[in-house]
Amino acid sequence: MYIPNHYKNENQAELIDFIHENPFGIIVIQGENAPIASHIPFMIKGSPEDGYHLVGHLSKKNQIAQLLKNSMSVLAIFNGPQHYISSSWYKEEEVPTWNYIAVHAYGSVSIQSDSALLDSLHELVAQHEKYEKNPVNLTKMRPETINQYKGVIGFTISINTIEGAYKLSQTRKEDHQFIERELADKNNFQATEISNAMKKTNQFPSK
């Protein structure tokens, strides 16, 4: 991913946390004639000492399922908030732009055994169901329901490179507070999240 130096985030802990908070990503793999991508949920696991890996699954009918069996290198993309930035918010004339956060993780893939796949599906569901009023528990489901897992393939991506682009108006310190204010006035989720990220990343607090 092309990232100008002033937008590059090289804090691995922050990038790992970002994936934890934005786990619905895009897996990209090279097909026979063109790249192929699918949108799927991931879990990120590991430690700074032992390295990190992504755990995912997709339908066996998905084109990517067969390609994964060749243990190819893959790319996983995770997107955060994004919003258009009007240059009318600047003190001086300039072209408009776009603020956004994105993380790319590259690595080699291996296929999970059926037991490892089932364990990871239990973990994924438990991880997200804990926030629900009446959480679903896979261990209490009928065998014929759980057996749907046989229609998916599980895999692990051992991450060898992770990079983050945090484009948050770092080069426009003099316009920062006005940009934040204009984003806040938009009163929509993406604008609010980008404004909050700007405050946190650039540390130019609004007056």
Within the stretch 88-109, of all residues that are hydroxyl-bearing (Ser, Thr, Tyr) and under 22 Å from Lys200 (Cα atoms), the one surrounded by the fewest Cβ atoms within 10 Å (Cβ to Cβ) is Thr97
| Out of curiosity, is Phe178 touching a helix residue (DSSP H, G or I) at 6+ places or on another chain (Cβ under 7 Å), aromatic (Phe, Trp, Tyr) and assigned to a helix (DSSP H, G or I)? | yes
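Step by step: first the residues of the stretch 15-41, then only those that are of a type in the set (Gly, Ala, Ser) and within 16 Å of the chain's Cα centre (by Cα), then the one that is surrounded by the most Cβ atoms within 10 Å (Cβ to Cβ). Which residue is that? So that I can check it myself, show each step before the final result.
So in the stretch 15-41, the residues of a type in the set (Gly, Ala, Ser) come out as 25, 31, 34, 37-38.
Still in the list and also within 16 Å of the chain's Cα centre (by Cα): 25, 37-38.
Working: Gly25: 23, Ala37: 13, Ser38: 16.
The selected residue is Gly25.
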When every residue in the stretch 143-175 that is in a helix (DSSP H, G or I) and surrounded by 16 or more Cβ atoms within 10 Å (Cβ to Cβ) is compared, the one modelled with the lowest pLDDT is Tyr149
Taking the stretch 26-60 and keeping only residues that are in a loop (DSSP other than H, G, I, E, B) and without any contact (Cβ under 8 Å) to a residue 40 or more places away in the chain, one is left with Gly31, Glu32, Asn33, Ala34, Pro48, Glu49, Asp50
Of the residues in the stretch 47-68 that are within 16 Å of the chain's Cα centre (by Cα) and of a type outside the set (A, V, I, L, M, F, W, C), the one that is farthest from Leu118 (Cα to Cα) is Tyr52
For the stretch 84-97, pairs from a residue that is more than 15 Å from Leu168 (Cα to Cα) to a residue that is of a type in the set (Gly, Ala, Ser), with Cβ under 8 Å and 6 or more apart or across chains, are Glu93/Ser87; Glu94/Ser87; Val95/Ser87
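The values are calculated or read from the model by the stated rules, or taken from the named source; none is laboratory data. All values reported here derive from a predicted model rather than from experimental measurement. In this analysis, Cβ positions are derived from the backbone assuming ideal geometry, glycine residues included, and neighbour counts consider all displayed protein chains.
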